[in-house]
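> One structure is given below, represented as structure tokens, and several questions about it will come after.
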Amino acid sequence: MDKIKNSEEGLDEEPIKIFLIDDSIGFILSAEKFLGTFPQVEVIGHEMSARKALSLLAKMQVDVVLLDLIMPEMDGLEFLRCVKGKEGAPLVVILTLFDDPTYRKAAEAALADGFVPKTEFGTQLMPLISSLMAGGS
């Protein structure tokens with residue numbers, strides 16, 4: 001189903017449903033506040049544990065998961081391996097403080113749809129999400 005409908009037809013855009021997974025509540029709250037400034041986005045939940053998020057996401061319709069790479073219990077790469085490749089899997093964008101080529105390659109190999117350093121969150125995230133929702137890579 002297209003998330004962006006033709007405005008010439010007078011149809012409203014259906015919001016892009018985003019779920020956040022990060023072990024920092026401070027980052028989650030900041031990200032939710034930032035994303036709340038975009039009318040085309042709806043943050044439908046967050047979780048501080050990737051393992052707990054797996055069961056939540058199985059019951060939800062999510063378009064994009066914003067996922068921290070380094071977390072206790074289950075890291076972002078393990079989460080990706082559990083989610084990607086399944087029918088109806090959401091887009092997953094890695095967000096991390098560790099902008100390193102090794103991490104980028106590992107995220108790509110685990111089928112992440114995007115990789116955004118947290119230091120570039122405000123400038124890179126929404127253009128990336130828009131591109132991914134339009135079918136870009």
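Read-outs throughout are calculated quantities, based only on the coordinates presented, and are distinct from any laboratory measurement. Computed from a predicted model, the values in this text were never measured in an experiment. Here Cβ is always computed from backbone atoms with ideal geometry, including for glycine, and neighbour counts include all displayed protein chains.
> What is the Å³ per residue value for the convex hull set by the Cα atoms of segment 57-102?
89
> Here is a further query. Where does each of Ser131, Ser55 land when they are ranked from fewest to most other beta-carbon atoms within 10 angstrom?
Ser55, Ser131
> May I pose another question? On full extension of the chain, what length is gained from Gln124 through Glu14, given 0.36 nm per residue of separation minus the C-alpha to C-alpha distance?
37.4 nm
> Using alpha carbons only, how many angstrom separate the centre of segment 97-137 from the centre of segment 33-47?
Cα centroid of segment 97-137 versus Cα centroid of segment 33-47: 17 Å apart.
> Would you mind computing, in nm to one decimal, how far apart the modelled labels at Ala58 and Asp99 are, each placed 7 Å from Cα along Cα→Cβ?
Those two pseudo-labels are separated by 3.7 nm.
> Any idea which of Ala107, Met74, Thr123 is furthest toward the positive side of the dipole for the chain, if Lys and Arg beta-carbons carry +1 and Asp and Glu beta-carbons -1?
Met74
> A follow-up question, please. If you project the alpha carbons of the chain onto their three principal axes, what span does each projection cover, largest first, in Å?
46, 31, 26
> Okay, next question. For the chain, set up a GNM with springs between Cα atoms under 10 Å and report which of Gly122, Gly45, Gly26 has the largest fluctuation.
Most flexible of the set in this elastic network: Gly26.
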